[in-house]
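Structure first, commentary second.
The values are calculated or read from the model by the stated rules, or taken from the named source; none is laboratory data. As the structure is a computational prediction, the values presented were derived from the model and not from experiment. Virtual Cβ from ideal backbone geometry, glycine too; neighbours counted across all protein chains shown.
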Amino acid sequence: MIEIECDNCERVFEVSPKQAGGKVPCPHCGDVNRVPPAEASQQKELPPRSRTSASFARRCFGPIRFDTS
Ligand SMILES: [Zn+2]
């Protein structure tokens, strides 16, 4: 599964890897979020170029604010 953070309510939820690169509605607020490609982290030759992925990574490794568990 892939964990993504909702752009609207900032809650973290899981989506199927099949949804990678697509869009899914947030189960909490219904806002549609883009899902980062699942294999992106394995393609080390490609520099991160997605603003969404960069923002997601910053949030993941920044102040801990996961509250859905
Ligand atoms: Zn949401």
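Here is a list of conditions, (1) assigned to a loop (DSSP other than H, G, I, E, B); (2) within 13 Å of the chain's Cα centre (by Cα); (3) modelled with pLDDT under 70, and Thr52 meets all of them except one; can you say which number that is?
(1)
What number of residues within the stretch 13-30 satisfy the criterion of being within 10 Å of the ligand (Cβ to nearest atom) and either of a type in the set (A, V, I, L, M) or outside any loop (DSSP other than H, G, I, E, B) (or both)?
Counting residues in the stretch 13-30 that are within 10 Å of the ligand (Cβ to nearest atom) and either of a type in the set (A, V, I, L, M) or outside any loop (DSSP other than H, G, I, E, B) (or both) gives 2.
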